[in-house]
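The values are calculated or read from the model by the stated rules, or taken from the named source; none is laboratory data. This structure is a prediction, so every number in the text was calculated from the model and none was measured. No Cβ is skipped: glycine too gets one built from the backbone with ideal geometry, and neighbour counts run over all protein chains shown. Note: areas computed on protein heavy atoms with side chains; ligands, DNA, RNA excluded. Shrake-Rupley method; radii C 1.70, N 1.55, O 1.52, S 1.80 Å.
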Amino acid sequence: MAMMVKVKGPFGRFRFGIGGGILSAIVVYVIGLRGGTPKVAMQSSTIFFSGVVPSPLRVRSVFTPANPATDRASMATSSGPKWAQKTITLPPQRRGCHLITPKILKEIGQDLSDFNCGLAHVFLQHTSASLTINENYDPDVQADTETFLNRIVPEGNSAPWRHTMEVSPDDMPAHIKSSMFGCQLTIPITKGKLNMGTWQGIWLCEHRDAPTARRVVVTLNGI
């Protein structure tokens, strides 16, 4: 559909017919010479539109290497972030806190060695156990942590819990303890190793009396 464009500038008024939905910008330049040095000034123009405004143009940006001979080759050969994932089944453990770092490292060690820098995400697929990072040397810390949890989260017939779908009195307390410590950890990877402190270790905290196998999903991401 054709449309009319009226241009008002320093040299008078002009009328242009524009069709096919394409609009050409018209800029009037006034060139003056001062002192022998050419200068370019832009004279603003007023443009009036009548009819239907054409659809906006869509522009696609394209990356152009500064040095096509080398940059494209490096882009093609450079390796991006890597991923690895494994589900680990931990054997049943008695109620309490257990150091599981050696078991985790044994299962993911081969994949872990391929990462120079990255993150390890450790996720526990249960609601009555938890994960935390704490002391890896003195087992008394694990025993004291279990004592602390049992004192602040009561259980038994006198406990005020409404969730009693499972007969065992440790069920609802286990859910609360699980949320206290959480079900996931994120640990940095440096030069093929979990970059934890000297005295840090990964704990599985089992909050149920009946031993149960637990599943942990470990996801590695990095370069």
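Among Trp199, Trp161, what's the order by accessible area (1.4 angstrom probe), most exposed first?
Descending order: Trp199, Trp161.
Starting from 0.36 nm per residue, how many nanometres of slack lie between Asn150 and Trp199 once their C-alpha separation is accounted for?
Residue separation times 0.36 nm, minus the Cα-Cα distance, leaves 15.2 nm.
Tally Lys and Arg at +1 and Asp and Glu at -1 over the other residues with C-beta under 14 Å from the C-beta of Gly109: what net charge comes out? The partial results should precede the final answer.
Working: positive: Lys86, Lys103, Lys106, Lys191, Lys193; negative: Glu107, Asp111, Asp114.
Spelling it out: positives minus negatives among the neighbours equals +2.
If each of Cys117 and Thr132 carries a label point 7 Å out from its Cα toward its Cβ, how far apart are those two points in nm?
3.2
Just how much of Thr164 is accessible, in Å², when a 1.4 Å probe is used and the result is rounded to the nearest 10?
Answer for Thr164: close to 100 Å² accessible.
Taking R0 as 45 Å, what's the FRET efficiency between Ala159 and Trp83 from their Cβ-Cβ distance, rounded to 0.05?
0.55
Over the range 99-196, average the accessible area per residue using a 1.4 Å probe and give it in Å², no decimals. Intermediate values should be presented prior to the final figure.
Details: 5850 Å² over 98 residues.
I get 60 Å² per residue for the range 99-196.
Taking the alpha-carbon centroid of each part, what is the distance from the range 93-117 to the range 126-186 in angstrom?
Cα centres, the range 93-117 to the range 126-186: 22 Å.
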